[in-house]
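Working notes, structure below.
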Amino acid sequence: MTNGIIYRIYQHDRCYIGLTFRTARTRFQEHLSWSKYGKHNRSKCIDVLFDKNVYEKNPNYEELHSIKFDEYNQEAINTMKDLEYKFIDEYKDNCVNIITLKPDPSSYFQKNKDKIRIKNKLNRFVCECGSNINFVSKSRHLNSLKHKNFVNQNK
């Protein structure tokens, strides 16, 4: 049994909507910690709520909705994401979330995901150092320590 929770972190006129399968308090503490040490990687939008130059105090949080699931699986995640988008839409005037709209299932990727996955598998090769990489990552791989060490050892 697991709980899915939609939470809101807010400061005066702005808020951030998120979802978690832990407690809202635990997730909020993570946001506090990440903000303190500058570790918000994907969700920089939330940093504005923790900005000491703008606000004197840390933001508050609240649980907006909670659902019990028998197990943590893709169906539970999708249900919670749908609910998260609903709340983002509800608070859209004050929301700092970057992604505010549910992805369109008719988008190019959704229509062609099987073809794209097959193409990505076909565009792979084995490098001289033994790494299995795709062409998109080739330049990054050629600059990696693993590849450079292999080349230097085999000169």
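The values are calculated or read from the model by the stated rules, or taken from the named source; none is laboratory data. Source: prediction; values computed, not measured. Cβ coordinates were reconstructed from backbone atoms using ideal geometry, including for glycine residues, and neighbour counts include every protein chain displayed. Keep in mind that these areas ignore ligands, DNA and RNA; they rest on the heavy atoms of the full protein, side chains included. Shrake-Rupley method; radii C 1.70, N 1.55, O 1.52, S 1.80 Å.
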Yes or no: N112 open to solvent by less than 60 Å² (accessible area, probe 1.4 Å) and in a loop (DSSP other than H, G, I, E, B)? no
Go through (1) free of Cβ contacts under 8 Å to residues at least 12 places away in the same chain; (2) in a loop (DSSP other than H, G, I, E, B); (3) within 30 Å of Y16 (Cα to Cα) and name the single condition K102 misses. (1)
Take K81 and decide whether it is at pLDDT below 90, out of contact with any Cys (no Cβ under 8 Å at 6 or more places or on another chain) and not β-branched (V, I, T). no
Please count how many residues of the range 54-84 are within 16 Å of R14 (Cβ to Cβ), open to solvent by 80 Å² or more (accessible area, probe 1.4 Å) and acidic (D, E). 1
Name the pairs whose Cβ atoms lie under 8 Å apart, with the first residue in the range 47-61 and within 14 Å of Q29 (Cα to Cα), the second of a type in the set (S, T, N, Q) and assigned to a loop (DSSP other than H, G, I, E, B), and 6 or more positions between them or separate chains? F50/N58
Going residue by residue through the range 122-133, is there one that turns out to be in a helix (DSSP H, G or I) and either of a type in the set (A, V, I, L, M) or free of Cβ contacts under 8 Å to residues at least 60 places away in the same chain (or both)? yes
Determine which single condition G130 fails, assuming it passes every other condition in (1) at positive phi; (2) surrounded by 12 or more Cβ atoms within 10 Å (Cβ to Cβ). (2)
Only one of (1) under 17 Å from Y7 (Cα atoms); (2) touching a His at 6+ places or on another chain (Cβ under 7 Å) is not met by H147, so which one is it? (1)
Selection from the range 3-19 of residues that are farther than 28 Å from E75 by Cα and either part of a strand (DSSP E or B) or in contact with a strand residue (DSSP E or B) (Cβ under 9 Å, 6 or more places away or on another chain) (or both): Y10, Q11, R14
Those residues that are out of contact with any helix residue (DSSP H, G or I) (no Cβ under 8 Å at 6 or more places or on another chain) and either at pLDDT below 85 or outside any helix (DSSP H, G or I) (or both), I need them from the range 50-75; list them, please. D51, K52, N53, E56, K57, N60, S66, K68, D70, E71, Y72, N73
Among the residues of the range 85-99 satisfying the criterion of being part of a helix (DSSP H, G or I) and either open to solvent by 90 Å² or more (accessible area, probe 1.4 Å) or touching a residue at least 60 places away in the same chain (Cβ under 8 Å) (or both), which is farthest from Y10 (Cα to Cα)? K86
